[in-house]
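Following: one structure in structure tokens, then a few remarks.
The values are calculated or read from the model by the stated rules, or taken from the named source; none is laboratory data. Because the structure is a prediction, the values reported are computed rather than measured. Ideal geometry is used to build each Cβ from the backbone, glycine not excepted, and the neighbour counts take in all protein chains shown. Side chains included, ligands, DNA and RNA excluded: accessible areas come from the protein's heavy atoms. Shrake-Rupley method; radii C 1.70, N 1.55, O 1.52, S 1.80 Å.
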Amino acid sequence: MEASQDFELVGIENVAATEKINKPTLTFWQSVWHRLKKNKLAVISMYFLIAISAFALVSTAVVSQNSANQFNTNAGSKYKNLPPKSGLPIPFWDGNGTVLGSTDKVDVYEKNGVDKNFILGTDNLGRSLGKRVTVGLRISLFVALAATAIDLLFGVSYGLVSGWFGGWIDTVLQRFIEIISAIPTLVVVTLLAMLFGSGIGSIILAIALTNWVGMARQVRNQTLTLKERDFVLAAKTLGESGPKIAFKHLVPNMAGTIIVQVMMTIPSAIMFEAVLSAINLGVKAPTASLGTLISDAQQMLQYYPYQILIPSAILVLVSLAFILLGDGLRDAFDPKMLDE
Amino acid sequence: MARYILKRALILIITMWIVVTATFFLMQILPGTPYNNPKLTQSAIDQLNATYGLDKPVLVQYWDYLINLLHGDLGTSFQYQNQSVSTLIGQRLPISAQLGFQALVVGVLLGLWFGAVSARNQNKKLDGFLGVISTLGISTPSFILAIVLLFVFGYQLDWLPISGWGDSFSQTILPTLALAVTPMAITTRFVRSEMIEVLHSDYIQLARAKGIGEDQVIQKHAYRNSMIPILTLIGPLTAGLLTGSTLVENIFSIPGIGQQFVSSIPTKDYPVIMGTTIVYALMLMVMILITDILTAIVDPRVRLQ
């Protein structure tokens, strides 16, 4: 009784106001974007990749495959192996280089009487390296994206089937993956590329057929956990068919895993394209890809290093951007990772 | 333990048999013949086919190949006349093995060190710097790194020899470095996340609560437990090294099996391609087997599975 005097009953005047949620509710994708934004490197990488892809697309209209492959047989010696020249007095970018037979640096453009500036220089046939790299980047990106798309389709289906059915199907499918992973990827890619013959299509297929393993593993593991969850049970009880559950309920729930895996697959596909070119199983000359540009210029390394370093740098930058974005996305999809 | 090893060895043999069978029949359907010389008459080709046993039915050839394989005979090279593939690979294998081993040791040791330093300085500048290094290392294929190293230290600075093998140790430095960066980068990232997880676990809290110094906590408790999962990395790292070494050997003119593999592709030297594939697969599987056994010895929970 006495206690009631010590306390004053305040009461809740406005229930609605205290219960109001002031923070806007975020959908899954909004919160992923919110977390991704905090990772500056990932965001920069994302814009870089968007810019590069846009450049590759737009350049299709400007720089055609033919214009990058053509060269003037008569003026070959005049235009060949010109170092990069920006037209501005920037060191290493001023068109100065050594000519065969002397060690002094001179403006090769003046000496050869070339009045045009090649921003990235020319190759040993006098073709603009800028154009070659543009086309090469386009082809390499196309090969990588196409291979990854096949990968995605095949790897996800394989993983879903393996995880969903379980039992002996799972055992057989997993043993098959183990056998595939017992042979080094390079060997598998090489054998497949030899089997399919040369051409962009066969390279894409060869890369796709070796890269799906990682995706299949990830999807299988996710399927194994997800299929025990209540929403799958609910869908089953409602009489949904297996494929419908898989693509309507399971796949959206593992979207994060799949996207991150794709970000890892693309750079590896870009790399394998280059590797195939280096062992003469890549796209056929005169078509340029980053890989063929690198392997063709290998003999020139000592005298004309820019011919190999420029496509190499682009290849590394693109791979780096994909990996950084992949890292960022992995953290963004998995909030637990950020807390640590 | 013995049962575990026996079971794993049996799986290895079965997998090897499947790999051999798959490569053999793949070679049968591959287009082209090793006879590129247009001057060869049909009778000469028939004679060559008879010498190499290529005129027999495919299944008989397959059986012969399997039997010969059990005797360590991988057939005769088309490219190098009368050289057996086993001899060719046998001469080159030690070179590739040495290169791969050096790269693995350098890469993993650096990775262990960098990863541990990164984890201890989590979210500090040093961690960020090592993070940049390892991400760059992952996105740079070893053959591009080989080219850059060759250019900088071989041509520009002229510090190290640019090609060859076996004359001096300095010849091995550039190719080893080129190959070591990918394992280094992967190990660094793996060790870092592994160590961070361990540092947050209960027994580390307990160790700290007991009042042991932070250095002791790291050395006695954190290191040991984060080392176990790293063993599982050795398999994938070896696979990556095998891929990288073929091109790196080619760039530095190292007479290893990788270079031989690359040179046998344009000449359609199928016995060499098959032999190399089998040797590669065997090397990779033995590596994985060894690490699995080591893991089982270190971590008893694995054996029960």
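Compute, for segment A:222-282, the length of the dipole vector about the Cα centre, with Cβ point charges of +1 (Lys, Arg) and -1 (Asp, Glu) only. Units Debye, rounded to 20.
Details: 5 positive and 4 negative charges, 44 e Å.
Charge dipole, segment A:222-282, about its Cα centre: 220 debye, nearest 20.
Name the residue farthest towards the positive end of the dipole of segment B:8-137 from the options B:Leu104, B:Gly128, B:Ala50, assuming +1 on Cβ of Lys and Arg, -1 on Cβ of Asp and Glu, about the Cα centre. Value computed over the given set: B:Gly128. The charge dipole of chain B, taken about the Cα centre with unit charges on the Cβ atoms of Lys, Arg (+1) and Asp, Glu (-1), comes to about 860 debye, rounded to the nearest 20.
Less than 5 angstrom separates the built amide H of A:Phe118 from those of A:Lys85, all sequence-distant by 5 or more or on a different chain. Here the 3J(HN,Hα) profile of segment A:136-143, calculated from phi with Karplus coefficients 6.51, -1.76 and 1.60 at θ = phi - 60°, is x, 4, 4, 5, 4, 5, 4, 4 Hz, Gly and Pro shown as x. Remark: segment B:223-229, residue by residue, has Karplus-estimated 3J(HN,Hα) of 3, 4, 6, 8, 6, 4, x Hz, where x stands for each Gly or Pro and the curve is 6.51 cos²θ - 1.76 cosθ + 1.60 at θ = phi - 60°. Inter-label distance, B:Ser253 to B:Thr21: 4.4 nm, where each label sits 7 Å from its Cα along the C-beta direction.
With a Förster radius of 35 Å applied to the beta-carbon distance between A:Ile169 and B:Leu289, the computed FRET efficiency rounds to 0.85. The phi-based Karplus calculation (6.51 cos²θ - 1.76 cosθ + 1.60; θ = phi - 60°) puts the 3J(HN,Hα) values of segment B:56-66 at 6, x, 4, 5, 5, 4, 4, 4, 4, 4, 4 Hz, whole numbers, x for Gly and Pro. When the pairs A:Lys40/A:Lys248; A:Lys85/A:Lys284; A:Lys40/B:Lys124; A:Lys40/A:Lys131 are compared against a 21 Å limit on Cα-Cα distance, A:Lys40/A:Lys248; A:Lys85/A:Lys284; A:Lys40/A:Lys131 fall above it.
I'd like to know which of A:Ala235, B:Ile95, A:Leu120 lies farthest towards the positive end of the charge dipole of the protein assembly as shown, counting +1 on Cβ of Lys and Arg and -1 on Cβ of Asp and Glu. Working it through, the farthest residue towards the positive pole turns out to be A:Leu120.
Classify chain B as rounded, prolate or oblate, taking a ≥ b ≥ c as the square roots of the eigenvalues of its Cα gyration tensor: rounded when a/c is under 1.5, otherwise prolate if a/b is larger than b/c and oblate if not. In terms of gyration-tensor shape, oblate. Interface residues of segment A:185-214, defined as those losing at least 20 Å² of solvent-accessible heavy-atom surface relative to the isolated chain (probe radius 1.4 Å), are listed as A:Leu186, A:Val187, A:Thr190, A:Leu191, A:Met194, A:Leu195.
Starting from segment A:151-232, pick out the trypsin sites (Lys or Arg not before Pro) whose DSSP state is loop and whose Cβ has at most 16 other Cβ atoms within 10 Å. Filter output for segment A:151-232: A:Arg229. Selection among A:Ala51, A:Tyr304, A:Gly136 by position relative to the dipole of the protein assembly as shown gives A:Gly136 as farthest towards the positive end (Cβ unit charges, Cα centre). Fully extending the segment from B:Tyr155 to B:Trp63, taken as 0.36 nm per residue of separation minus the present Cα-Cα distance, adds 28.0 nm. The fraction of accessible area contributed by carbon and sulfur in the protein assembly as shown is 63 percent, rounded to a whole number (1.4 Å probe; ligands and nucleic acids excluded).
Of A:Thr27, B:Thr15, the order by accessible heavy-atom surface (1.4 Å probe, DNA, RNA and ligands excluded), from most exposed downward, is A:Thr27, B:Thr15.
When the Gaussian network model of chain B links Cα atoms closer than 10 Å, the mean-square fluctuations of B:Pro266, B:Pro229, B:Pro183 top out at B:Pro266. For the modelled label position 7 Å from the Cα of A:Ser53 along Cα-to-Cβ, which residues of segment A:258-286 have backbone nitrogen atoms closer than 19 Å? Hits in segment A:258-286 for A:Ser53 at 19 Å: A:258-271. Reducing segment A:155-231 and segment B:232-303 to their Cα centroids gives an inter-centroid distance of 20 Å. Largest GNM mean-square fluctuation across B:Thr238, B:Thr291, B:Thr51, computed for chain B with C-alpha springs under 10 Å, falls on B:Thr51.
Quick one: buried accessible area between A and B, total over both chains, 1.4 angstrom probe, nearest 100 Å²?
Working: alone 19880 and 16940 Å², together 33370 Å².
Summed over both sides, the interface buries about 3500 Å².
Note on the protein assembly as shown: with charges restricted to the Cβ of Lys and Arg (+1) and Asp and Glu (-1), its dipole about the Cα centre is near 560 debye.
Over chain B, dividing the summed -39,500 (n - 2.57) contributions of all DSSP H runs of at least 4 residues by the number of residues returns a 222 nm mean residue ellipticity of -24000 deg cm²/dmol. With the simple model of a label 7 Å out from the Cα in the direction of the Cβ, B:Lys7 to B:Ser43 spans 6.2 nm.
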